[in-house]
Amino acid sequence: MSSPLTGTVAIVTGASSGIGEATAVRLAEHGASVAVVARRKDRLDALVAEIEAAGGTALAVEADITDRNQAEQAVAAVIDRFGRLDILINNAGLMLLGTVLDQDVDEWERMIAVNQKALLYMTNAALPHLLTAAEDDLRKVADIINISSIAGRQAWPKFGVYNMTKFAVNGFTEALRQEVTQKHVRVGVLEPGAVATELVSHNNQTVKDELAASDAKNIPERLQPEDIAESIAYMVTRHRRSSIAELWAMPTSQA
């Protein structure tokens, strides 16, 4: 018996760790051929080996998708290898925290590049292929899932620019959904709360210590990447008549 995504091809960005890595594994388990995109080629190669050892099919694509040409080339490489594209998971993200007064403006630029520009470049390059896939007889539907955050719904001090990028992801996702949903390209946003990933690790030690103390007190059991991967898999395996426009996934302990 075939799996729900047998014959489909998926791209997962930010796939060298955390949510992206777990999502690639889960989609492969559902039968998709998965292209994993990130800058850390050694980790991508290890992930491909893991997926293939389990009987799946995967392709490592090393790219800095904040560069428009590299994003376009990444999508082209997937089409060259597999001949189609059915699912795009825009997962790559960066969270650097600080007050508007004191934070290094270069950090703002980095977040805007990863959280917004990379998502736009990948979506623009992938969309024509997704529209084509939605018209053929394999599933008669295609999917874009953008990974946002609870920070796309709620703002806090020191999160200002990160908040801005994630609120923007939510707005862009809804606008795009209205543009293409009747063409059976489903567009959804997934907003996780606290997840045990590398996201915090890019901050300075003071910020990391503050967040660790806050989480220990307020969120004793964070979500795991596999929890989010399962939610993504749920969104893209629905019958074509069903579109999950927004999914908010929170740790039970996070108020």
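For the reader, a short list of remarks on this structure follows.
- Some residue of the range 27-37 being modelled with pLDDT of 95 or more and in contact with an Asp or Glu (Cβ under 7 Å, 6 or more places away or on another chain): no
Residues checked against (1) charged (D, E, K, R); (2) surrounded by 12 or more Cβ atoms within 10 Å (Cβ to Cβ):
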| site | (1), (2) |
| --- | --- |
| HIS202 | no, yes |
| THR206 | no, no |
| LYS217 | yes, no |
| ALA233 | no, yes |
| SER242 | no, no |
| ALA249 | no, yes |
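- Tally of residues being surrounded by fewer than 22 Cβ atoms within 10 Å (Cβ to Cβ) and part of a loop (DSSP other than H, G, I, E, B) across the range 1-30: 8
- Test for ALA133: is it in contact with a strand residue (DSSP E or B) (Cβ under 6 Å, 6 or more places away or on another chain), surrounded by 17 or more Cβ atoms within 10 Å (Cβ to Cβ) and small (Gly, Ala, Ser): yes
- In the range 155-165, the condition of being in a helix (DSSP H, G or I), of a type in the set (S, T, N, Q), more than 14 Å from the chain's Cα centre (by Cα) and within 24 Å of LEU44 (Cα to Cα) is met by no residue.
- Selection from the range 34-63 of residues that are of a type outside the set (Lys, Arg) and surrounded by fewer than 16 Cβ atoms within 10 Å (Cβ to Cβ): ASP42, ASP45, ALA46, ALA49, GLU50, GLU52, ALA53, ALA54, GLY55
- Residue that is modelled with the lowest pLDDT [pool: residues in the range 219-231 that are over 18 Å from ALA15 (Cα atoms) and buried (at least 16 other Cβ atoms within 10 Å of the Cβ)]: ILE219
- Among residues of the range 5-19 that are free of Cβ contacts under 8 Å to residues at least 12 places away in the same chain and β-branched (Val, Ile, Thr), none has a beta-carbon under 6 Å from a residue that is crowded, with 24+ Cβ neighbours inside 10 Å and in a loop (DSSP other than H, G, I, E, B) at least six positions away or on a different chain.
- The range 81-113, residues that are under 30 Å from TYR234 (Cβ atoms) and acidic (Asp, Glu): ASP86
The values are calculated or read from the model by the stated rules, or taken from the named source; none is laboratory data. Treat the numbers as computed from the prediction; the structure is a model and nothing was measured. Glycine gets a Cβ as well: all are built from the backbone with ideal geometry, and neighbour counts include every protein chain shown.
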